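The values are calculated or read from the model by the stated rules, or taken from the named source; none is laboratory data. Bear in mind that the values here come from a model prediction, so they are computed numbers and not experimental data. Counting neighbours? That spans all protein chains shown, and the Cβs are built from the backbone with ideal geometry, glycine included. Quick note on the areas: whole protein, heavy atoms, side chains included, nothing else; ligands and nucleic acids left out. Shrake-Rupley method; radii C 1.70, N 1.55, O 1.52, S 1.80 Å.
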Amino acid sequence: MPTPRPLTMITGGSSGIGLELARQFATHGYDVAISGSSDRVFTSAEQLRAEHGVEVHPHQADAATYDGVESFWRFVNDLGRPVEAAALNVGIGLGGAFVDNDLEDELRLIAVNVTGTVHMAKRVVQHMVPNGRGRILIVSSISATSPTPYETVYGPSKAFGFSFAESLREELRDSGVTVTALLPGATDSQFHANAGMGNTELGPAPKNDKRLVARQGFDALMSDVDHVVGGDEATKRQAEQNRTLPEPVKAARQAELTRPR
């Protein structure tokens, strides 16, 4: 019997950075299981199969709900194969002034970006640790390194993801399971349009290539790096500046980019 390919799972794998991460894994010989909130996940799976000749297992679920997160994990677990890598990528944004935004939308963002990440990480970690091996990529954002006015709930949700990844990495140091955080800068996906940020300076501005960001995240994961900033040299310089600039300075600079016109 031929040795089966290793299996990876990717949340939010039907488009954007998540789909490009799936391509990275498939290119490097992994079978992939991907989730998405719409039926696009099935079309993306067909594309991946045609491009790379690997097994692709799509699952449609709402990542904002407990049942949605749990259903994808059950789907993966029912494949009956060890999960060698997991990319916890699903996330949503929300632009606009906090005073104006709907509370329901903000709580949904927290449910996806924070609660859903913790929920899926729990299942993945409890699966990998007994196996003594595994790699986990948690997709945060460069927004984790700065205040994010007019994305006032999104930025803190990604700061949680970054701190969570670094904390979990240390806990699992001697377990055989590694954790890496990916902090993309603004990327050429539908993220900002879906977040309602088309009327901001950032919305139509040039952005990082999602293929580059995914490759950087994959390489960092395979190299057991604790975190990597995803994007071009200007994005990496921005992250370095964010280490030293005062918080009010960063907040004012970010507001110029994200304030609705």
(request) Only Lys, Arg, Asp and Glu count, each charged at its Cβ (+1, +1, -1, -1), so figure out the dipole size of the range 15-106 about its Cα centre, rounded to 20 debye. (result) 520 debye
(request) On the protein heavy atoms, probe 1.4 angstrom, tell me the percent of accessible surface of the chain carried by carbon and sulfur. (result) 52 percent
(request) Can you check what the Kirkwood hydrodynamic radius comes to for the chain, Cα pairs only, in Å to one decimal? (result) 18.5 Å
(request) In whole angstrom, note down how far apart the Cα centers of the range 158-180 and the range 194-261 are. (result) 21 Å
(request) Assuming a ≥ b ≥ c are the square roots of the Cα gyration tensor eigenvalues, decide whether the range 184-235 counts as rounded (a/c under 1.5), prolate (otherwise, with a/b larger than b/c) or oblate. (result) prolate
(message) At a 10 angstrom cut-off on C-beta neighbours, averaged per residue, how do the peptides 69-82, 234-247, 146-159 rank from highest to lowest?
(response) 146-159, 69-82, 234-247
(request) Treat every Asp and Glu Cβ in the chain as -1 and every Lys and Arg Cβ as +1, leave all other atoms uncharged, and give the resulting dipole magnitude about the Cα centre to the nearest 20 debye. (result) 420 debye
(message) Probe of 1.4 angstrom, ligands and nucleic acids ignored: what's the accessible area per residue over the chain, in square angstrom?
(response) 46 Å²
(request) Over the residues of the range 42-134, compute the C-alpha Rg and express it relative to 2.2 N^0.38 Å. (result) 1.29
(message) Per residue, how big is the convex hull of the range 126-261 when only Cα atoms are used? Give it in Å³.
(response) 113 Å³
(message) Could you tell me which residue out of 230, 97, 130 lies farthest along the dipole of the range 92-232 toward its positive end? Charges go on the beta carbon: Lys and Arg +1, Asp and Glu -1, centred on the Cα centre.
(response) 130
(request) Evaluate the relative contact order of the chain (contact order divided by residue number), counting alpha-carbon pairs under 8 angstrom at least 6 apart; express in whole percent. (result) 19 percent
(request) Whole Å is fine, so just give me how far the alpha carbon centre of the range 94-147 lies from that of the range 13-34. (result) 19 Å
(message) Straight-line reach only, C-alpha to C-alpha below 13 angstrom: list the aspartates and glutamates that residue 158 could link to, leaving out same-chain residues fewer than 8 apart.
(response) 166
(message) Amide H of residue 10 versus every other amide H placed in the peptide plane: which residues, excluding those fewer than 5 positions away on the same chain, fall under 5 Å?
(response) 33, 34, 35, 87
